[in-house]
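Down below is the structure, laid out as structure tokens.
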Amino acid sequence: MENKRDFHYPHTFILLGASGDLAKKKIYPTIWYLYRDNLLPESTKFVGYARTKQTLEEVREKCKKYMKVRSGEEEKFEAFWDANSYVSGSYDKRVDFEFLNEHITRFEKGPVANRIFYLAVPPTVFEEVTVNIRNACHAIKGYTRVIIEKPFGRDDVSSNKLSNHLTGLFKEDQIYRIDHYLGKEMVQNLMTIRFANQIFNPSWNRENIASVLISFKEPFGTEGRGGYFDDFGIVRDVMQNHLLQILSLVAMEKPVTLNPNDIRDEKVKVLRHIPPIKLSDILVGQYVGNPNGQGDEKLGYLDDPTVPKDSVTPTYALAVVNINNTRWQGVPFILRCGKALNERKAEVRIQYKDVPGDIFGQTKRNELVIRVQPGEALYLKLMCKSPGMKFDLTETELDLTYSLRYRETDVPDAYERLILDVFTGTQMHFVRNDELKEAWRIFTPVLKELEEQHIKPVPYVYGSRGPADADAKLAENDFKYSGSYKWQKPTLA
Ligand SMILES: NC(=O)C1=CN([C@@H]2O[C@H](COP(=O)(O)OP(=O)(O)OC[C@H]3O[C@@H](n4cnc5c(N)ncnc54)[C@H](OP(=O)(O)O)[C@@H]3O)[C@@H](O)[C@H]2O)C=CC1
Ligand SMILES: O=C1O[C@H](COP(=O)(O)O)[C@@H](O)[C@H](O)[C@H]1O
């Protein structure tokens with residue numbers, strides 16, 4: 001791991017695919033915020049690289065609307081762009097990468113100089129780019145780290161092939177596989193909630209917990225990205241990575257230490273207890289247009305011109321995952337994700353069992369909700385005596401809403417944390433090769449069955465809560481919804 005004291009050496013951050021969507025919407029803004037907040041080594045230079053022939057001014061112009069510059073920050077913003085340069089070249093020609101290498105070398109005065117490559121490139125050019133980095137751009141007087149974005153393959157075979165390819169070029173401690181959900185505040189909080197609170201730890205098991213629901217909902221469809229999406233579908237896009245990562249943090253045993261490898265050892269261990277998902281344990285859906293909706297809501301997935309008319313790619317999926325170990329045997333972990341739904345939401349719901357011997361005759365289950373987004377919150381739904389002269393029960397909550405409790409603190413964006421982690425050399429929040437292998441072992445068979453049998457997803461209307469059958473599947477898996485809980489939003493004092 002790099003020491004803080006090494007931060008005065010030259011660092012170059014090379015963004016491959018600098019002309020693309022991810023670069024302009026996410027990566028350039030992120031490196032600007034890190035630079036603005038003085039979080040990066042002082043002498044860091046940024047190099048954009050892509051096939052498009054363009055000037056740095058043009059790159060800057062394209063990123064403009066995605067980068068926030070507050071009043072008083074204008075000078076710093078100019079300094080940021082002064083530290084940037086852009087090189088155009090192909091992805092497959094070594095000579096172009098040799099030119100890139102010469103370009104980077106100019107910034108590398110002194111005995112040590114480090115390089116970080118961010119691969120914001122399509123999977124089709126991934127192999128040649130990594131070979132060219134290894135052969136022509138590897139640092140000779142410092143570290144070389146590569147950040148890679150999903151998709152990490154599309155099944156076990158292609159993912160293994162990619163892993164073997166990378167293993168032939170880089171050591172595991174040079175590879176940073178991004179799952180940006182691991183950079184989200186409440187996902188990072190899962191370990192603290194579990195292991196720094198004696199109140200939760202003893203009840204975190206099959207004796208007390210009935211079911212766990214991990215949800216991701218988005219209120220928009222594929223928005224013209226259907227061409228990419230159709231090849232992957234929601235299971236590969238969200239469930240196999242983001243939701244499974246959350247599951248492993250919710251279900252794993254306590255790691256021996258906070259060392260990244262100890263944590264990832266535990267994540268792998270719990271994944272190894274999960275058998276591959278069966279076809280009977282998954283429900284898939286695809287959105288159709290809402291005739292009463294506005295604008296895009298009128299359009300179904302198949303109306304996207306980049307999607308084949310007979311596509312059976314799921315835009316919604318609910319899967320029941322079993323963990324066959326002492327802690328969790330028999331507790332359904334329900335993963336649920338979908339596009340074009342009624343709201344934006346990502347959350348974990350830990351639903352406790354019914355109170356045995358209910359003397360009140362009306363108790364509802366406790367539920368611990370960890371809301372990842374929007375608006376980070378942790379709330380525990382519980383029963384209380386109705387205040388006043390009555391002796392009946394009321395459903396209420398212990399509520400930790402971040403925007404109220406931590407008014408002065410800005411929650412950083414996931415990419416900011418993760419890119420900074422790469423500079424400091426901490427791999428705790430990155431996906432290790434063996435985690436990835438387990439994830440594909442769990443999902444590949446069912447994905448194959450869905451695709452080989454051409455299973456038609458259940459239609460659901462754009463803007464709805466998803467296929468009607470999904471709630472029945474939740475109920476079958478010991479997730480109880482009473483509909484009686486009412487939240488009273490606190491008002492600001
Ligand atoms: N700190 C905070 O900000 C807090 C906010 N709240 C808010 O209060 C509101 C209610 O709280 P919530 O925890 O959602 O509790 P509820 O018991 O009201 O709802 C739980 C969830 O059940 C799902 N649901 C709705 N209908 C059904 C159904 N027929 N079968 C199965 N599931 C169903 C909904 O999610 P889905 O559509 O995803 O299935 C819903 O969000 C929410 O908006 C919540 O954000 C509550 C407490 C604290
Ligand atoms: O990885 C992905 O995540 C986004 C959702 O990310 P969020 O941080 O906005 O929740 C999703 O839209 C996209 O399809 C998927 O590839």
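The values are calculated or read from the model by the stated rules, or taken from the named source; none is laboratory data. Note that the coordinates shown come from a computational prediction; the quantities given were computed from them, not determined experimentally. Positions of Cβ are generated from backbone atoms using ideal geometry, with glycine treated the same way; all protein chains shown enter the neighbour counts. Note: areas computed on protein heavy atoms with side chains; ligands, DNA, RNA excluded. Shrake-Rupley method; radii C 1.70, N 1.55, O 1.52, S 1.80 Å.
Filtered by the rule that a residue be more than 11 Å from ligand 2 (Cβ to nearest atom), within 20 Å of residue 310 (Cα to Cα) and in contact with a Lys or Arg (Cβ under 9 Å, 6 or more places away or on another chain), region 217-261 gives a lone residue, 231.
Filtering region 182-218 down to residues that are basic (Lys, Arg) and under 20 Å from residue 319 (Cα atoms), which residue is farthest from ligand 1 (Cβ to nearest atom)? It comes out as 206. Taken over region 337-355, residues that are over 17 Å from residue 368 (Cα atoms) and surrounded by 23 or more Cβ atoms within 10 Å (Cβ to Cβ) amount to 5. For residue 482, indicate whether it is at pLDDT below 95 and within 14 Å of ligand 1 (Cβ to nearest atom). So residue 482 fits the description; yes. Within region 53-91, which residues are open to solvent by 90 Å² or more (accessible area, probe 1.4 Å) and over 20 Å from residue 21 (Cα atoms)? Of everything in region 53-91, those that are open to solvent by 90 Å² or more (accessible area, probe 1.4 Å) and over 20 Å from residue 21 (Cα atoms) turn out to be 70, 71, 74, 75, 82.
Kindly check whether there is at least one residue in region 132-146 that is part of a helix (DSSP H, G or I), under 30 Å from residue 237 (Cα atoms), basic (Lys, Arg) and in contact (Cβ under 8 Å) with a residue 24 or more places away in the chain. Yes. Report, by residue number, each residue of region 336-376 that is in a strand (DSSP E or B), near ligand 1 (Cβ under 9 Å from one of its atoms) and either touching a residue at least 40 places away in the same chain (Cβ under 8 Å) or of a type outside the set (A, V, I, L, M) (or both). Matches in region 336-376: 336, 341, 345, 347, 349, 367, 371.
Within region 173-191, does at least one residue satisfy the condition of being at pLDDT 95 or above, part of a helix (DSSP H, G or I), more than 16 Å from ligand 2 (Cβ to nearest atom) and touching a Lys or Arg at 6+ places or on another chain (Cβ under 8 Å)? Within region 173-191, one or more residues are at pLDDT 95 or above, part of a helix (DSSP H, G or I), more than 16 Å from ligand 2 (Cβ to nearest atom) and touching a Lys or Arg at 6+ places or on another chain (Cβ under 8 Å). Considering only residues in region 136-174 that are of a type in the set (Val, Ile, Thr) and in contact with a strand residue (DSSP E or B) (Cβ under 6 Å, 6 or more places away or on another chain), the one that is farthest from residue 412 (Cα to Cα) turns out to be 144.
Scan region 232-239 and give yes if some residue there is surrounded by fewer than 22 Cβ atoms within 10 Å (Cβ to Cβ) and away from ligand 1 (no atom under 16 Å from the Cβ), otherwise no. Yes, region 232-239 contains at least one residue that is surrounded by fewer than 22 Cβ atoms within 10 Å (Cβ to Cβ) and away from ligand 1 (no atom under 16 Å from the Cβ).
Residues in region 441-491 that are assigned to a strand (DSSP E or B) and buried (at least 20 other Cβ atoms within 10 Å of the Cβ): 460, 461.
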